[in-house]
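Trainee: Here it is: the structure, laid out below.
The values are calculated or read from the model by the stated rules, or taken from the named source; none is laboratory data. Everything numeric in this text was worked out from a predicted model, so none of it was measured. Positions of Cβ are backbone-derived with ideal geometry, glycine not excepted, and every protein chain shown enters the neighbour counts. Just the protein is used for accessible areas: all its heavy atoms, side chains included, with ligands, DNA and RNA removed. Shrake-Rupley method; radii C 1.70, N 1.55, O 1.52, S 1.80 Å.
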Amino acid sequence: MADQPLALVTGASRGIGAAVARALAPTHRLLLGGRDEAALTGLARDLAGSTPWPIDLTDTEAVAAAAERIPRLDVLVHSAGVAGLGTVAESDAAVWRHNLEVNVVAVAELTRLLLPALRASKGHVVLINSGQGLSARAGWGPYAASKFALRAYADVLRAEEEVNGLRVTSVYPGRTDTEMQQAVVAHEGGRYSPERYLRPESVAAAVLSAVSAEADAHLTEVTIRPRPLG
């Protein structure tokens, strides 16, 4: 187990992050990042070689202290995020700031702090983006703007760090059956039908494929959409 590569997954307490952790567990030691320490502890009990890494990613001092204790890291999966929706007319500055702070600034800062550890292993950074990072629509402005920014961040990180051996993958899932999706559908006033959406495990499988690619291959972008069944 000690010889396995180390992966840090943020947002691991539920949804896509938890599914990614489960997908990586057979081949990686895991740091399970998130704010819900009880949920992380429960997941760690199920996954051998995993350790809870409870932290608020917007607390820069706490993040810096925690990152300093990681000298080498093979995989960093950014799955934590928020989805603050609203029209341009109704979304005040706080909504825009919150989306950008969690979905972009926190990602950039954690990655910056862990770059020495990632460079040491010629590691891999995976950013869970969204279909809204490719095409924005009405009512999703603050969230879509943050995901477009995350896309740009990933492109720049890849361009700057490929010379250091890092791989950077952006994953663009369509709508996925998570608690966040339930909140989004409630915001839209719709009826929630989980069978219409991707399963978190399907997104996690795409992450595993990118991380498991042969050394000569660099999966830079992966787009996943729900497939109608029946």
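Trainee: Sequence gap at least 6, Cα distance under 8 Å: using those rules, report the relative contact order of region 1-159 to the nearest whole percent.
Mentor: Relative contact order, region 1-159: 22 percent.
Trainee: With every protein chain kept in place and ligands, DNA and RNA left out, what is the accessible area per residue of region 1-133? Probe 1.4 Å, answer in Å².
Mentor: Counting only protein heavy atoms, the per-residue value for region 1-133 is 44 Å².
Trainee: On to the next question. For region 1-58 and region 95-113, what is the centre-to-centre distance using only Cα atoms, to the nearest Å?
Mentor: Spelled out, the Cα-based centre of one part sits 20 Å from the other.
Trainee: Computed over the Cα atoms of region 111-211, what is the convex hull's projected area averaged over all directions, in nm²?
Mentor: Working: hull surface 29.0 nm².
For region 111-211, the mean projected area of the Cα convex hull comes to 7.3 nm².
Trainee: Suppose every K and R has +1 on its Cβ and every D and E has -1 on its Cβ; what is the size of the dipole of region 148-230 about the Cα centre, in Debye to the nearest 20?
Mentor: 440
Trainee: At a Förster radius of 25 Å, what calculated FRET efficiency corresponds to the Cβ-Cβ distance of residue 119 and residue 94, to the nearest 0.05?
Mentor: Given R0 = 25 Å and the Cβ-Cβ separation, E is 0.10.
Trainee: To test your reading of the geometry: what angle, between 0 and 90 degrees and rounded to tens, separates the Cα axis of helix 141-161 from the longest principal axis of the chain?
Mentor: It is inclined by approximately 30 degrees.
Trainee: What's the local net charge at residue 162, with K and R +1, D and E -1, over the other residues with C-beta under 12 Å away?
Mentor: Neighbour charge sum, excluding residue 162 itself: +1.
Trainee: Between residue 162 and residue 191, what's the calculated FRET efficiency when r is the beta-carbon distance and R0 is 30 Å? Round to 0.05.
Mentor: E(calc), rounded to 0.05, equals 0.10.
Trainee: Indicate the gyration tensor shape class of region 1-77 (rounded, prolate or oblate), computed on the Cα atoms with a ≥ b ≥ c the square roots of the eigenvalues: a/c under 1.5 is rounded; otherwise a/b larger than b/c is prolate and the rest oblate.
Mentor: oblate
Trainee: Continuing with the same structure: Helix 106-121 versus the longest principal axis of the chain: what is the Cα-based angle in degrees, 0 to 90, to the nearest 10?
Mentor: 30
Trainee: Here's something else I'd like to know. Per the 1.4 Å probe, what fraction of the accessible area of the chain, in percent, lies on carbon and sulfur atoms?
Mentor: Carbon and sulfur together cover 52 percent of it.
Trainee: Ignoring everything except DSSP H segments at least 4 long, calculate the 222 nm mean residue ellipticity for the chain; use -39,500 (n - 2.57) per segment, divide by total residues, nearest 500.
Mentor: Estimated from H runs of four or more residues: -13000 deg cm²/dmol.
Trainee: Please name which of 202, 63, 102 has its Cα lying farthest along the dipole of the chain towards the positive end, using unit charges on Cβ (Lys, Arg +1; Asp, Glu -1) and the Cα centre as origin.
Mentor: 202
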